[in-house]
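Data first, discussion second: the structure below is written as structure tokens.
The values are calculated or read from the model by the stated rules, or taken from the named source; none is laboratory data. None of these values were measured; they are calculated from a predicted model. Please note: Cβ atoms are built from the backbone with ideal geometry, for glycine as well, and neighbour counts cover all protein chains shown.
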Amino acid sequence: MNMNQHNKLQVEAISRGTVIDHIPSQVGIKLLNLFKLVATDERITIGLNLPSNKQGKKDLIKIENVFLTKEQANQLSIYAPYATVNRIDNYHVVCKSTVTLPDNIDDIFMCPNSNCISRSEPVASGFGIKIIGNKIHLKCKYCEKLFEQRAVESSQMNDFIKI
């Protein structure tokens, strides 16, 4: 294998937009759907189970002509704690940032508590984020119940296709 074949991109480059790299394998599609990254008419390219020196395998998302705010990027850390978010302009990385776990996350998840007011009233959901041991927990700002991440995630299953 010559050097050109070895360095060939696994996913086509974009001229302008956002690249979310170092997403854990099997998480890319979840991020696209949960965080409504597909709510654009712009081209989205996703690489699944790509080879990674650090992770073994990783997912990658490229969204043309869309730029994430720091708040949006940090929300991704719930599922992709080591992700990098790169701003691309003229095929070059002009800003590269790592994500950090936010204190709160709003209007993304639905509260799993069927008695929570957020399930029956037109209010934006909201959760405080807590680390207990080495696991992420979310505390609803309305009913104040604390949930493991996977309990909140499972309440979203009807909103996206799980492969």
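Which residue, of Glu71, Glu64, is in contact (Cβ under 8 Å) with a residue 12 or more places away in the chain, surrounded by 14 or more Cβ atoms within 10 Å (Cβ to Cβ) and among the acidic types (Asp, Glu)?
Answer to the check: Glu64.
Residues of the range 60-118 being assigned to a strand (DSSP E or B) and of a type in the set (Ser, Thr, Tyr), which ones?
Thr84, Ser97, Thr98
When you scan the range 99-115, do you find a residue that is in contact (Cβ under 8 Å) with a residue 60 or more places away in the chain, surrounded by 13 or more Cβ atoms within 10 Å (Cβ to Cβ) and not charged (D, E, K, R), even just one?
Yes, because at least one residue in the range 99-115 is in contact (Cβ under 8 Å) with a residue 60 or more places away in the chain, surrounded by 13 or more Cβ atoms within 10 Å (Cβ to Cβ) and not charged (D, E, K, R).
Please verify whether Thr45 is of a type outside the set (Asp, Glu) and either part of a strand (DSSP E or B) or modelled with pLDDT of 95 or more (or both), treating the condition exactly as stated.
Taking the combined requirement at face value, the residue satisfies it.
Name the single residue that is surrounded by the most Cβ atoms within 10 Å (Cβ to Cβ) among those in the range 116-146 being of a type in the set (A, V, I, L, M) and more than 23 Å from Glu71 (Cβ to Cβ).
Filtering first and then ranking leaves Ile117.
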